[in-house]
Amino acid sequence: MVRAASVLRVLYESTGGTEWTRNAGWLEGDPCRGNWASSSEYDCFSGELVRTPQPVCCELMPDDNKPTVARLDLSQNNLVGTLPTQLGRLGTLRLLVLDGNSLSGTIPSE
């Protein structure tokens, strides 16, 4: 299994992460154990609107009980460029929200 932190680091670096609107905590440790910022204001577990920015959403994998990135909302976050092909390696990613950015190309597949 590909480490989510490695894939998200490439995403950050290839889409101008230093200029993102919400980039707090990115590149610091593990996205599922830290507080990597996202654009979502919905609670990861309940789905309720909480009106404060939430971290990257992770869930436990049933086969090994390790957390992994399941939902990533980076909408309206000033991402620019092309999505890296490595993003397709996040096989556990079920929701990807990227509207309101300046991205080109296609969403990479697995």
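None of the figures in this text is laboratory data; all of them are computed from the coordinates on show. Because the structure is predicted, anything quoted here is derived from the model rather than measured. Don't worry about glycine lacking a Cβ; one is built from the backbone with ideal geometry, like all the others, and counts go over all protein chains shown.
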Relative packing of 65-77, 38-50, which averages over residues the other C-beta atoms within 10 Å, highest first: 65-77, 38-50
Going by amide H atoms built from the backbone, whose H comes under 5 Å of the H on Cys57, apart from near neighbours? Ala70, Arg71, Asp73
Most positive-pole-ward Cα, Pro67, Tyr42, Val80, against dipole of the chain from beta carbon charges: Val80
Computed about the Cα centre, the charge dipole of the chain from +1 Lys/Arg and -1 Asp/Glu charges at the Cβ has a magnitude in debye, to the nearest 20, of 140 debye
Rh (Kirkwood, all Cα-Cα pairs) for the chain, Å, reads 14.0 Å
Can you bin segment 45-107 into rounded, prolate or oblate? Criterion: square roots of the alpha carbon gyration tensor eigenvalues sorted a ≥ b ≥ c, rounded for a/c under 1.5, prolate for a/b above b/c, oblate for the rest. oblate
What does the charge count near Val50 come to, summing +1 for each Lys or Arg and -1 for each Asp or Glu among other residues with Cβ under 14 Å from its Cβ? -3
Within segment 12-44, list the residues whose amide N lies under 18 Å from a label point set 7 Å along Cα→Cβ of Ser104. 14-17
